[in-house]
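K.L.:
Here it is, the structure in full.
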Amino acid sequence: MNVPKRRRASRAGTQVEPVMRALARAIDGLELPAIEKISERQEEDPFQVLIATLLSARTQDATTLAASTRLFKVARTPRTLAKLTVKQIERLIYPVSFYRHKARHVKATCRILHERFGGRVPAAMEDLLTLPGVGRKTANLVLTLAFKSLKNICVDTHVHRISNRLGWVATRTPAQTEQSLYQATDEQWWPYLNSYLVTWGQNVCRPVYPRCAECVIRELCPQIGVTQVSKTEPRKVVA
Ligand code: SF4
């Protein structure tokens, strides 16, 4: 189905609140992203949130959840996990994508946490960024979920895509989107942006053929950059 071009939203800020309120109602009952489940299950233990986030890159949520659970059954602290060999970690986290690469990062991260940070995950962005494999996306998620920061936005591919489709930002990279979102949105929404947009991106506003006909925010969305939408019959998303 072709989508007629619509005008870009003139003021992103005016649209953020109704979109976020509609999404808050709509995602109730939908599957949570894997890291949120791990965060809830592990009582927001920063170490387990950090390691699970490292494992989650380009990996299905169910695979991340299963691999993290296997790994934490064997070793739950930086000290015990650093004692495992890379091969042992590989076997435990397989089949997450790039498992060999991630196993090396996990071991090195645990060693650094043990040697430099007293076995604790640091709560400062600049310290988190010194850990192998940790970029701003991972650091922001750890700060938001595990340290309950209200000042960070974790921008992954879903947040980047949907923020652009909604016209909240006009950016080319997730890093640019993160910085633009701090300007375009009220900070009351920052702790929720990742959770709401990732859930919506996995279920409705998919990368290709988004399900615009059944989207609860379609009246608010200028569908920027969307050229084709799902032709399947709308299914009920809202409980
Ligand atoms: S599914 Fe369509 S209408 Fe809904 S947010 Fe995505 S692009 Fe906009």
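None of the figures in this text is laboratory data; all of them are computed from the coordinates on show. These numbers come from a predicted model, not from an experiment. When we count neighbours, we look across all protein chains shown, and the Cβ atoms used for this are built from the backbone with ideal geometry, even at glycine.
K.L.:
Per DSSP H run of n ≥ 4, the term is -39500 (n - 2.57); total these for the chain, divide by its residue number, and report the mean residue ellipticity at 222 nm rounded to 500 deg cm²/dmol. The partial results should precede the final answer.
P.N.:
Working: 12 runs with 128 residues, N = 239.
That comes out to -16000 deg cm²/dmol.
K.L.:
Hey, which aspartates and glutamates would be in cross-link range of Lys37, C-alpha to C-alpha under 16 Å, not counting anything within fewer than 8 residues on its own chain?
P.N.:
Asp28, Asp45, Asp61
K.L.:
Moving on to the next point. Highest GNM mean-square fluctuation, the chain, Cα pairs closer than 10 Å: which of Thr64, Thr138, Thr171?
P.N.:
Of Thr64, Thr138, Thr171, the most mobile in the Gaussian network model is Thr171.
K.L.:
From Cα pairs below 8 angstrom and at least 6 apart in sequence, can you work out the relative contact order of region 149-219, rounded to a whole percent?
P.N.:
That works out to 36 percent.
K.L.:
Quick one: among Arg206, Arg172, Arg70, which has the greatest mean-square fluctuation in a GNM of the chain with alpha-carbon springs under 10 angstrom?
P.N.:
Arg172
K.L.:
Compute the Cα gyration tensor for region 46-149, then decide on rounded, prolate or oblate, letting a ≥ b ≥ c be the square roots of its eigenvalues: rounded whenever a/c is under 1.5, prolate when a/b is larger than b/c in the other cases, and oblate in all that remain.
P.N.:
oblate
K.L.:
Right, another one. Could you please rank Glu31, Glu178, Glu214, placing first whichever residue has the fewest other Cβ atoms within 10 Å of its Cβ?
P.N.:
Going from least to most buried by this count: Glu31, Glu214, Glu178.
K.L.:
Among Pro33, Pro132, Pro18, which one moves the most in a GNM of the chain with springs linking Cα atoms closer than 10 Å?
P.N.:
Judging by the Gaussian network model, the answer is Pro18.
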